[in-house]
Amino acid sequence: QVQLVQSGAEVKKPGASVKVSCKVSGYTVSDLSVHWVRQAPEKGLEWMGGFDPEDGEIVYAQKFQGRVTMTEDTSTDTSYMELSSLRSDDTAVYYCAVFGDGTDAFDIWGQGTMVTVSS
Amino acid sequence: DIVMTQSPLSLPVTPGEPASISCRSSQSLLHTNGYNFLHWYLQKPGQSPQLLIYVGSNRASGVPDRFSGSGSGTHFTLKISRVEAEDVGVYYCMQALQTPFTFGPGTKVDIK
């Protein structure tokens with residue numbers, strides 16, 4: 001059974017970067033398609049990007065191009081999402097989620113990481 | 001980008017009664033493999049979203065059979081046959097036909 005455990009809450013100043021981790025257990029991260037979705041306070045869900053198994057590459061939402069980097073460390077089965085040049089409107093809960101090849105949907109979610117951007 | 005809309009945005013429900021949520025997409029979600037890449041999620045208060053229905057009509061593992069999904073192309077419906085108190089939360093539809101994956105605005109379901 002795949003489980004995702006994310007890193008703890010972060011408080012950052014505008015202009016800084018944040019790196020959120022997503023530890024995979026029960027599976028090997030390189031065999032999974034991990035994506036990132038965020039949710040601003042009292043708002044809806046917004047897809048940021050993730051691994052496209054058809055292309056073998058990470059695909060990013062255009063909105064975040066140039067500011068976001070998604071990587072993985074196969075030695076620790078951990079996926080990372082780094083967002084730079086933070087602004088106040090980046091304040092949100094950031095979720096990692098696995099795109100299942102049997103469902104073609106996000107069928108496993110992490111618990112979320114709150115990132116607060118404030119001066 | 002594919003735009004997703006939902007109605008209603010707020011749905012007060014009575015336990016034991018049925019409920020229905022509509023989701024529309026700005027273009028067809030029918031894949032060449034014959035499946036509609038439309039999924040439904042429920043986000044209970046204070047929790048991460050959870051998958052309810054995938055590819056339009058398939059219940060995810062562990063999802064009670066009072067939940068059902070239907071529709072094709074650009075119009076989809078989530079139905080709860082008899083609402084229970086534990087079903088409160090925000091329901092989102094999401095398209096996974098093409099990136100960027102996009103979500104509907106959410107429908108908040110609460111008890112009357």
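Values in this text are rule-based calculations from the coordinates and carry no lab data. Note that the structure is predicted; figures quoted are calculated from it, not measured. Note that we place each Cβ from the backbone using ideal geometry, even for glycine, and neighbour counts take in every protein chain shown.
Here are the numbers for this structure:
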| item | result |
| --- | --- |
| Whole-Hz couplings from phi, Karplus 6.51/-1.76/1.60, listed for segment A:52-67; x for Gly and Pro | 9, x, 5, 9, x, 10, 7, 10, 10, 5, 4, 4, 9, 3, x, 10 |
| Cα centroid separation, segment A:17-65 to segment A:72-112 (Å) | 4 Å |
| Selection from B:GLY16, B:THR102, A:SER85, by position along the positive dipole direction of the protein assembly as shown (Cβ) | B:GLY16 |
| Those lysines that a straight Cα-Cα span of less than 16 Å connects to B:LYS44, excepting residues fewer than 8 apart in one chain | A:LYS43, B:LYS108 |
| Those residues of segment B:51-94 whose amide nitrogen sits under 17 Å from the label point placed on A:VAL2, 7 Å along Cα→Cβ | B:51-55, B:60-62 |
| Contact order relative to length of chain A, as percent, for alpha carbon pairs under 8 angstrom and 6 or more apart | 37 percent |
| For segment A:1-96: Kirkwood Rh in Å [reciprocal of mean 1/r, alpha carbons] | 13.9 Å |
| Check: chain B dipole with +1 on Lys, Arg Cβ and -1 on Asp, Glu Cβ, in debye | 80 debye |
| For A:GLN6, distant residues with modelled amide H under 5 Å away | A:LYS23, A:GLN111, A:GLY112 |
| Viscosity 0.890 mPa s, temperature 25 °C, Stokes-Einstein D of chain B from Kirkwood C-alpha radius, µm²/s | 177 µm²/s |
| Reachable aspartates and glutamates, given that their alpha-carbon falls under 12 Å from the alpha-carbon of A:LYS23 and they are not under 8 places away in the same chain | A:GLU72, A:ASP73, A:ASP77 |
| For A:ASP90, net neighbour charge (Lys/Arg +1, Asp/Glu -1) across residues whose Cβ lies under 15 Å away | +4 |
| Average Cα contact separation per residue, chain B, under 8 Å, 6 or more apart, as relative contact order % | 38 percent |
| About the Cα centre, charge dipole magnitude for the protein assembly as shown (Lys/Arg +1, Asp/Glu -1 at Cβ), debye | 760 debye |
| The protein assembly as shown, Cα convex hull volume normalised per residue, Å³ | 119 Å³ |
| Where labels lie 7 Å past Cα in the beta-carbon direction, separation of B:SER26 and A:SER25 in nm | 4.1 nm |
